[in-house]
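The values are calculated or read from the model by the stated rules, or taken from the named source; none is laboratory data. This is a predicted model, so every value here is computed, not measured. We place every Cβ from the backbone using ideal geometry, glycine too, and count neighbours over all the protein chains shown. Side chains are part of the model used for accessible areas, which takes the heavy atoms of the whole protein and leaves out ligands, DNA and RNA. Shrake-Rupley method; radii C 1.70, N 1.55, O 1.52, S 1.80 Å.
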Amino acid sequence: GHNYVAQALQKGAVFVVAQQDCKIPNQLLVEDTRRVYSQLCAAFFGYPARKMQLLALTGTNGKTTSAWMLHHALGHLGIKAGLIGTICNRIGESLTLPARYTTPDAWELQQLLAMMFKQGCTHVVMEVSSHALVQHRVEGLEFDAGVFTNLTQDHLDYHGSMEAYRQAKGLLFRQCRRAVLNLDDPAGRWYGERVECPAFTYSE
């Protein structure tokens with residue numbers, strides 16, 4: 001984005017948040033623009049996540065299935081919940097919206113959360129990808145619970161190694177009030193020894 005500051009100004013931008021000096025008067029230099037972008041998006045939409053309970057699911061496999069099961073379970077309990085995930089995004093059981101990514105960009109994510117709150121949702125079930133965690137798309141969100149399903153080889157073209165991939169998934173639990181971990185997976189046991197929030201476990 002730093003390469004397009006001049007074009008942004010020509011199109012009417014009056015202020016720039018940047019990681020490097022853009023040689024313009026109206027700029028704010030920060031350490032990580034991705035983090036700040038997510039925080040600005042949350043502020044723009046009135047911090048909708050703070051008004052609902054968020055439930056996150058991460059893992060290589062099983063996120064989508066688990067998220068849909070949880071979303072339907074909440075519906076059967078009479079709880080209106082939003083769903084954000086790979087197949088689509090849903091508000092309650094009736095309104096379905098298209099999904100481009102498993103976890104949307106911060107602007108789209110906060111817009112969705114605001115829409116869900118406006119439509120009466122009290123809970124949101126989210127699939128949270130490793131890409132989203134590393135790219136700070138969910139920066140500033142506090143999850144009432146984060147569920148880990150499993151870790152198998154995937155996305156190594158992006159993360160570089162299984163260790164980095166495991167570390168990326170583990171970033172979720174820094175934003176959770178409690179963790180739910182699969183003890184049948186070595187990564188689940190690894191997280192269990194390291195997460196700072198209370199952890200509940202499951203196993204076959």
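Quick notes on this structure:
- Loop-resident trypsin sites (Lys or Arg not before Pro) (DSSP state other than H, G, I, E or B) in region 91-169 with no more than 11 further Cβ atoms inside 10 Å of their Cβ: R100.
- Ranking F117, T58, H71 by how far each Cα lies toward the positive end of the dipole of region 22-134 (charges on Cβ) leaves F117 at the top.
- Note on surface exposure: W190, W107 rank W107, W190 by accessible area, highest first, 1.4 Å probe.
- A full extension of the chain between S203 and D154 corresponds to an added length of 15.4 nm, given 0.36 nm per residue minus the alpha carbon distance.
- Annotation for Q20 and H76: the two label points, set 7 Å from Cα along the Cα-Cβ direction, are 5.5 nm apart.
- Per-residue SASA entry for S203, accessible area with 1.4 Å probe, Å² rounded to 10: 80 Å²
- Residue (of G188, V147, A42) at the positive-pole extreme of the chain, dipole from beta-carbon charges: A42
- Computed with a 1.4 Å probe over protein heavy atoms only, the accessible surface of region 133-204 comes to 54 Å² per residue.
- Of the chymotrypsin sites (Phe, Trp or Tyr not before Pro) found in region 14-89, those in coil by DSSP whose Cβ has at most 12 other Cβ atoms within 10 Å are F15.
- If R0 equals 41 Å, the separation of the Cβ atoms of A6 and M162 corresponds to a calculated FRET efficiency of about 0.50.
- Entry note, region 99-204: relative contact order of 24 percent, from Cα contacts under 8 Å with a spacing of 6+ residues.
- Unit charges on C-beta of K, R, D, E only; dipole of region 1-116, Debye: 160 debye
- Reachable lysines from K169, criterion Cα separation under 19 angstrom, eight or more residues apart if same chain: K63
- Note on the chain: with charges restricted to the Cβ of Lys and Arg (+1) and Asp and Glu (-1), its dipole about the Cα centre is near 560 debye.
- The chain: relative contact order as a whole-number percent, Cα under 8 Å and 6+ apart: 20 percent
- For region 18-125, relative contact order (Cα pairs under 8 Å, six or more residues apart, normalised by length) works out to 31 percent.
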